[in-house]
Amino acid sequence: MSTLLPPSPLPPNALFLDLDGVLLDTRPVMERAWHQVLTEHGLDVPFEEYERHLGRPFADIVERLGLTESERLHRTYEAASIAATHLAREFDGAAEVLHAFVAAGWLLGIVTSKPLERAAPLLTNLGCPFSTVRTPNGSGRGKPAPDPVLLALTDLGVDPADAVYVGDMAVDQEAARRAGVPYVHAGWGYGCPDAPSPVVAESPKDLLRLLSPGPFLEGSLL
């Protein structure tokens, strides 16, 4: 059963979120792009195998699948993903919830394994003020290493205890743990958490109950 995370005694609070499977349903985009990779490069690796490793940088996934020529595959995947961006859909209530946290004085950050050139237009469509966006384009190792979470904390000048990371894959959970940041698992996302069982939010709006940023009036932020 989900329990409330203890409130931080000191502001500011920072809310870091993964993108795919947390704010946006991009599975149709990824599936189409992966099928394009298979077609162009004569490969036979079901999307379900690729999907098992979501949350890691593309090059790491390709290596885990035993494939070579990662850069060529990534170029194909990149172009197909951009062409299929219109298939992405916001999870119900995600943008409203983000605005509620901003209204309560929280800082928002994105920590994703999606390259910036693909993440940026999707984030723009959400219309929310993100104070930092950490992608594989920057320095450091990708998830499950703690580097992108630690760099996001540095960007905002926030201590790990004053932040929360919301993800939907085990690599998100591990990255948060290694960075010393409390973790909330997005139960509406694509993956299952590892042990020990984390706090689980059943929907984007459930984050408001778990983290208690302040009052939220249904529909008031549209």
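The values are calculated or read from the model by the stated rules, or taken from the named source; none is laboratory data. This is a predicted model, so every value here is computed, not measured. Methodologically, a virtual Cβ is constructed for each residue, glycine included, from the backbone with ideal geometry; neighbour enumeration extends over all protein chains shown. The accessibility values were calculated without ligands, DNA or RNA, using every heavy atom of the protein model including side chains. Shrake-Rupley method; radii C 1.70, N 1.55, O 1.52, S 1.80 Å.
Given the structure, is Ala161 in contact (Cβ under 8 Å) with a residue 40 or more places away in the chain and within 16 Å of the chain's Cα centre (by Cα)? Here the answer is no, as Ala161 does not meet what is asked. Selection of first residues in the range 45-56 that are open to solvent by 40 Å² or more (accessible area, probe 1.4 Å) and of second residues that are not polar (S, T, N, Q), restricted to Cβ pairs under 6 Å at least 6 apart or on distinct chains, gives the following pairs, ordered by first then second residue: Arg56/Val171. Helices (runs of 4 or more DSSP H) fully within the range 138-211 that include at least 2 residues being closer than 16 Å to Val97 by Cα: 206-211.
Report yes if some residue within the range 119-134 is at pLDDT below 95, closer than 23 Å to Glu63 by Cβ and among the polar types (S, T, N, Q); otherwise report no. For the range 119-134, residues at pLDDT below 95, closer than 23 Å to Glu63 by Cβ and among the polar types (S, T, N, Q): absent. In summary, Leu67 fulfils each of the numbered conditions (1) open to solvent by less than 40 Å² (accessible area, probe 1.4 Å); (2) closer than 25 Å to Leu123 by Cβ with the single exception of condition (2).
Screening Val111, Val37 for residues that are within 27 Å of Ser203 (Cβ to Cβ) and in contact with a helix residue (DSSP H, G or I) (Cβ under 6 Å, 6 or more places away or on another chain) leaves exactly one candidate, Val111.
For Ala179, are the conditions met, namely being closer than 22 Å to Arg52 by Cβ, small (Gly, Ala, Ser), modelled with pLDDT of 95 or more and crowded, with 18+ Cβ neighbours inside 10 Å? For Ala179, the condition - closer than 22 Å to Arg52 by Cβ, small (Gly, Ala, Ser), modelled with pLDDT of 95 or more and crowded, with 18+ Cβ neighbours inside 10 Å - is not met.
Scanning the range 78-133 for residues that are in contact (Cβ under 8 Å) with a residue 12 or more places away in the chain, of a type in the set (Ser, Thr, Tyr) and farther than 20 Å from Ala14 by Cβ returns Ser81, Thr85.
Scanning the range 109-165 for residues that are open to solvent by 50 Å² or more (accessible area, probe 1.4 Å), hydrophobic (A, V, I, L, M, F, W, C) and more than 27 Å from Ala79 (Cβ to Cβ) turns up Leu150, Ala161.
A count restricted to the range 99-125 and to residues that are acidic (Asp, Glu) and under 16 Å from Val149 (Cα atoms) stands at 0.
The set of residues in the range 84-104 being open to solvent by 40 Å² or more (accessible area, probe 1.4 Å) and at pLDDT 95 or above consists of Leu87, Arg89, Glu90, Asp92. Residues that are among the acidic types (Asp, Glu) number at least 3 in the following helices (runs of 4 or more DSSP H) confined to the range 4-122: 47-51.
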